[in-house]
1. Quick check: convex hull of the Cα atoms in region 281-322, volume per residue, rounded to a whole Å³?
2. Tell me, how many Å apart are the Cα centres for region 350-400 and for region 228-257?
3. Given the C-alpha centroids of region 1-40 and region 56-135, what is the distance between them in whole angstrom?
4. Before I look further, what does region 256-304 give for accessible area per residue, probe 1.4 Å, in whole square angstrom?
5. Specify, per residue and in Å³, the volume enclosed by the convex hull of the alpha carbon atoms belonging to region 71-168.
6. Angle check, please: helix 216-236 long axis (alpha carbons) against the longest principal axis of the chain (alpha carbons), in degrees 0 to 90, nearest 10.
7. What dipole magnitude, in Debye to the nearest 20, does the chain give about its Cα centre under +1 on Lys/Arg Cβ and -1 on Asp/Glu Cβ?
8. Taking all protein chains in place and a 1.4 Å probe, what share, in percent, of the accessible surface of the chain do carbon and sulfur account for?
Amino acid sequence: MLSPLQYGFRTGHSTTDCVSDLVDEITKNLDDGLITIFLDLAKAFDTVNHAILLTKLKDLGFTENSLKWFESYLFSRKQMVYANNAYSDINSLTHGVPQGSVLGPLLFLIYLDDFPSCCDYFSFRMFADDTSLTIAGTNIDNLIREINNHVNYIFQWLCTNKLTLNVDKTKYLIFQPRQKVTSNLHKPVLINDTPIASCYSLKYLGFHIDNTLTWADHIDYLEEKLSKNINILIKCKRYLSQKCLLNLYYALIYPYLSYGCMIWGNNYRSPQSPLIRLQNKFIRVICDVPWLERITPYYAQLSILKPPDIVKLHTCLHMFDLINGTKNNFDFDLISDCHNYSTRSSQLHFYVEPFRINMRKLSPSVIGKYYWNDLPLEIKSICTCAEFKKTLVSYYLNQY
C-alpha cells in the first residue's frame, strides 16, 4: 500500500537503505553530474490536516465505519502543559498525528504517500518527512533551468496538503567528479521564487554528505566523537576491568564505526586512517601494548574487528539480507540481474557490471559484490543471519 520510495517506520527499511540507494544513483551519474535537493518540512507531524488525512484514507478504500473510528481517534483531542507547579489551559488539537502512538507514524506515512506522484521529473526518496529530490544531466545550467520549471509542483502539493516548507533550511548539492568541480556561479534554484542555498556538504539522516562523495566531513565528525569517547574510556581504565571496558567500547565506540559504514567506509584507505589510529590507541591502552609492538594480534585476542573489516562485515550482511529476502526488494535489482545462478544457490557468484569512474566501484551495490564473491563457499552457504554474522566475524579475525 505504501510507496516503495518511503523508507521511514517500515520493516526492512532503514536510514542506511535510503542513503545507500541515493549514493547508488549518484555514483551511477557522477561522471555527468546531478543535483539533489534536500527538503526541510517545518513541524510536519504537527501540521497534518485531519480532514485531508481522512480523505486520503477514504481514497485507499477504508470503510465508513473505519473512517468514523479514525475520526473519533483524531478529532477532539485535548492537551495541556504542566510546568513550575502550574497547569496551562486545556486546548483542542486541530492538526497533527498523535506522536508516541503506534498509529501516529503510519498515519503520517499515509498522509505523505502520494507526494512522489506530484512530479515525475525527480527521483524521490523519503524517510518520514526527510525528502530528497534527485535529477541527473550533463549540463548543470540546463538542469537548474528544468528544476525551476518543475519544483513548483512540489511546492503546490505541499500547499494543497497544508504542509510548510522551511525554505531557509532546504538546500541542494551539485554532485560532480572532483576534477570537474568549479567555482563558477550557476543560476539559483528557486522554490516559489525564493532561492535555496547551494552547499558543498550537509547532514542528511545522520550522514555528512559532500558533493564529491569523499566523506571527509563525515569521517572528521566521527573522529571528533571517537576521540572524545576513547579518552573517556582511557580515564576509566584504572577503575574498570577489561571486560567492562569492552562493554563500553561496544556502547560508545562501535556504533559510530558501524552505522552506515558500508556507505562511507568503502572509501580509499587514507581517509579512514584517523579512525584506525584511534581504535589502535584504545587497544594499546586497555592491553598495555608498547607503542613499538605490533597491534594486530591483540585485535584477535579481544575479538575486535579493525575498521576496514567492520565495513566489510556490514556490507556483506547487507548483501546477505538482500539475497535471502530478509530486506524488502526495493534495491534487489541492483544485485540480481547479472548472474546465472539462483539467489538461493550456495554457489552464488555475481558478475560486476563495468563502470566508467572508480567512485562507482565504492558504491555498496557494486563493492558488495566484490566482497561477496571473495567469501568462501561454506560461508555463502549459511542460511541464517546470526550464524552468517558469527562465522564471518571469525573468518576476519582468523586473518589477523
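The values are calculated or read from the model by the stated rules, or taken from the named source; none is laboratory data. Quick caveat: nothing in here was measured; it's all calculated off a predicted structure. Positions of Cβ are backbone-derived with ideal geometry, glycine not excepted, and every protein chain shown enters the neighbour counts. The area values use the complete protein model at the heavy-atom level, side chains included, leaving out ligands, DNA and RNA. Shrake-Rupley method; radii C 1.70, N 1.55, O 1.52, S 1.80 Å.
1. Working: hull volume 3.0 nm³, N = 42.
Hull volume normalised by residue count: 71 Å³.
2. A separation of 29 Å, based on Cα centres.
3. 22
4. Details: 2250 Å² over 49 residues.
Per residue, region 256-304 has an accessible area of 46 Å².
5. 147
6. 60
7. On the way: 39 positive and 37 negative charges, 297 e Å.
My answer is approximately 1420 debye.
8. Working: 10200 of 20080 Å².
Solvent-exposed carbon and sulfur of the chain make up 51 percent of the total.
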